[in-house]
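Presented below is the structure to which this report refers.
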Amino acid sequence: MKINGNAVRVGNVIEHNDRLWVAVKTQAVKPGKGGAFNQVELKDIRSGTKLNERFRADEQVERVRLEQRKAQFLFRDGAMLTFMDGETYEQTMVDETLLGEPGIYLQDGMEVTIESYEEEPLAVVLPDTVVMEVVEADAVVKGQTASSSYKPGVLENGAKIMVPPHIEAGTRVVVKPADGTYVERAKD
């Protein structure tokens, strides 16, 4: 699907210079002289390299729609992860690098979304939140108020996060895998 260069938005996947790119940042620029343009920071989906590009309103770019399908995580074999489609029971193996940093939150049986282009998996997206157990938490410092201060904690997967003072070891918490932040205490 062709779109105008000034219509590229953050998160759009476009085909440019025979490669797939995702728009990371966009900024509409209206210089005093000349026509307006869209300054876009692009990240190559496959290699991760970045590129800054200017698209004018009259330029056409090819917007790509990634195929998304739900899958369940089965097991890890070295650096390869195996997922199963819940409807067709077809198994897909992907390299763990497709998950990036949030991959540390992957759990057995977890439902994920695999994004692919022309049958090639390009990304594995974890759920917005996951429930994990805090295995280590610092003691509360006397005089600390619950509203403004956090203390370091370690999750069952080894990830370090900041948790409120009332969270102790053994408590299950809800965490955002995208940035590794505490959301709330898990409801059991």
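The values are calculated or read from the model by the stated rules, or taken from the named source; none is laboratory data. A quick note: this is a predicted structure, and the numbers were derived from the prediction, not measured. Reconstructed Cβ throughout: ideal geometry from the backbone, glycine too, with neighbour counts over all protein chains shown. Only protein heavy atoms, including side chains, enter the accessible area calculation; ligands, DNA and RNA are left aside. Shrake-Rupley method; radii C 1.70, N 1.55, O 1.52, S 1.80 Å.
Run Ala169 past the list (1) more than 21 Å from the chain's Cα centre (by Cα); (2) hydrophobic (A, V, I, L, M, F, W, C); (3) open to solvent by 80 Å² or more (accessible area, probe 1.4 Å) and report the number of the one that doesn't hold.
Ala169 satisfies every listed condition except (3).
I'd like to know if the stretch 67-84 contains one or more residues that are open to solvent by 80 Å² or more (accessible area, probe 1.4 Å), part of a strand (DSSP E or B) and over 26 Å from Glu101 (Cα atoms).
no
Considering the stretch 90-142 alone, what residues qualify as being at pLDDT 90 or above, outside any strand (DSSP E or B) and farther than 30 Å from Pro165 by Cα?
Glu90, Gly109
Working only within the stretch 85-104, note down all residues that are of a type outside the set (Ser, Thr, Tyr), open to solvent by 40 Å² or more (accessible area, probe 1.4 Å) and on the phi < 0 side of the Ramachandran plot.
Across the stretch 85-104, the qualifying residues are Gly86, Glu87, Glu90, Gln91, Met93, Asp95, Glu96, Leu98, Glu101, Ile104.
Could you please find all residues in the stretch 1-52 being surrounded by fewer than 18 Cβ atoms within 10 Å (Cβ to Cβ), over 22 Å from Glu67 (Cα atoms) and among the small types (Gly, Ala, Ser)?
Selection gives Ala28, Gly32, Gly34, Gly35, Ala36.
Give Thr26, Thr92 a once-over and let me know the one that is among the hydroxyl-bearing types (Ser, Thr, Tyr) and closer than 18 Å to Asn6 by Cα.
Going through Thr26, Thr92 in turn, just one is among the hydroxyl-bearing types (Ser, Thr, Tyr) and closer than 18 Å to Asn6 by Cα: Thr26.
Looking at the structure I just gave you, is Tyr150 in contact with a strand residue (DSSP E or B) (Cβ under 8 Å, 6 or more places away or on another chain), at negative phi and in contact (Cβ under 8 Å) with a residue 60 or more places away in the chain?
No, not satisfied.
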